[in-house]
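Worksheet: the structure to be examined is printed underneath.
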Amino acid sequence: FYGPVTMRRALVKSLNLATIKLLDQIKPASVVVFARRLGIRSPLQPYLSLALGAFEISPFDFTAAYIPFAADGIQARPYATVKVTDRAQRVLEINVTQNHRAVPPEVAFQVRSLLRGVVTSGTARRALKLPGFAAGKTGTTNDYRDAWFIGFTDDLILGVWVGRDDNKQMGYRA
């Protein structure tokens, strides 16, 4: 409805029509493959509605998918428990970070820059109150049922989801 826009403006202003048009050009199947490289394990189908968030992704997976954009393209699968020991301090289980290159550093840099724009002049402007660098993306669902923010600083990646367990509306501008 704004006419031709850059992808930067589309992301900053959450212009869904531009996102759908981009997805149509690059093909939904390629986005599913890319999502897997970022560590998203949730079931996804190669449909245009993918651009609108039509498939549920756990907040854990969604937040973890931002790691490469904050870490020069390296994906480090997060885990909840570092080590489990018994009473005698014998190690029963230990988790070690497993890294892989998810995206080239140049791609990570570009996405980081795009997500910074969402903070400096888009829907995540309130994150400007954080000290130093911050980047991220907001999202909402129809009828104000869910809202989320995933963002990062140089030291932290954070995902926040708000909604109701019964899937009822939270109310306008909740």
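When the accessible area of segment 93-174 is split by element with a 1.4 Å probe, what percent falls to carbon and sulfur?
Details: 2930 of 5580 Å².
Reported share for carbon and sulfur atoms: 53 percent.
What is the angle, in °, between the Cα long axis of helix 105-121 and the longest principal axis of the Cα atoms in the chain? Nearest 10 is fine, range 0 to 90.
Here the helix axis deviates by roughly 60 degrees.
With a sphere of radius 15 Å drawn around the Cβ of residue 102, what net charge do the other residues whose Cβ falls strictly inside it have (Lys, Arg +1; Asp, Glu -1)?
Details: positive: 36, 37, 41, 77, 101, 112; negative: 61, 72, 106.
In short, +3.
How many nm is it between the label spots at residue 84 and residue 168, if each spot is 7 Å from the Cα in line with the beta carbon?
Taking the simple label geometry, residue 84 and residue 168 are separated by 3.8 nm.
D for segment 84-174, whole µm²/s, Stokes-Einstein with Kirkwood Rh over alpha-carbon pairs at 10 °C and 1.306 mPa s: what number? Before the final figure, lay out each step's value.
On the way: Rh = 16.2 Å.
Rounded to a whole number, D works out at 98 µm²/s.
Once each part is reduced to its C-alpha centroid, what is the distance from segment 5-76 to segment 136-174 in angstrom?
Using only Cα atoms, the two centres lie 16 Å from each other.
Per residue of segment 71-84, in order, report the coupling 6.51 cos²θ - 1.76 cosθ + 1.60 (Karplus, θ = phi - 60°) as ³J(HN,Hα) in whole Hz, putting x for Gly and Pro.
10, 6, x, 8, 9, 10, 4, x, 9, 8, 10, 7, 8, 10
Quick check: the angle from helix 16-26's long axis to the longest principal axis of the chain, C-alpha only, nearest 10 degrees?
70
On a 29 Å Cα-Cα criterion, which of the cross-link pairs 13/168; 129/168; 27/137; 83/168; 21/137 come out too long? Don't skip to the end; give the middle numbers.
On the way: 13/168 26 Å; 129/168 31 Å; 27/137 22 Å; 83/168 39 Å; 21/137 19 Å.
Where the Cα-Cα span goes over 29 Å, the pairs concerned are 129/168; 83/168.
Work out from phi, with θ = phi - 60° and the Karplus expression 6.51 cos²θ - 1.76 cosθ + 1.60, the ³J(HN,Hα) of each residue of segment 44-51, listed in order in whole Hz, and give x for Gly and Pro.
Listing the rounded values in order: 10, 10, x, 10, 4, 5, 4, 5 Hz.
P(r) for segment 96-139: what percent of alpha-carbon pairs falls in each 10 Å bin, starting at zero?
For segment 96-139, the pair-distance distribution reads 28, 39, 27, 6.
Please report the Cα spread of segment 1-84 along all three principal axes, rounded to whole Å, starting with the longest.
55, 25, 18
Starting from the Cα of residue 47, step 7 Å along the direction of its Cβ; do the same at residue 5; then give the gap between the two resulting points in nm.
2.4
Provide the per residue accessible area, probe 1.4 Å, for segment 80-126, rounded to a whole number of square angstrom. Could the numbers behind the result be given before it?
Working: 3480 Å² over 47 residues.
That works out to 74 Å² per residue.
Using Cα-only point scatterers and the Debye equation, what is log10 of I(q)/I(0) for segment 23-160 at each q in 0.10, 0.22 Å⁻¹, rounded to two decimals?
With no solvent term, the Cα-only Debye profile gives -0.40, -1.48.
Using alpha carbons only, how many degrees (0 to 90, rounded to 10) separate the axis of helix 28-37 from the longest principal axis of the chain?
That works out to roughly 30 degrees.
The values are calculated or read from the model by the stated rules, or taken from the named source; none is laboratory data. As the structure is a computational prediction, the values presented were derived from the model and not from experiment. Cβ: placed from backbone, ideal geometry, glycine included. Neighbour counts: every protein chain shown. When the accessible area is computed, the model is the full protein with side chains, heavy atoms only, and any ligands, DNA or RNA have been set aside. Shrake-Rupley method; radii C 1.70, N 1.55, O 1.52, S 1.80 Å.
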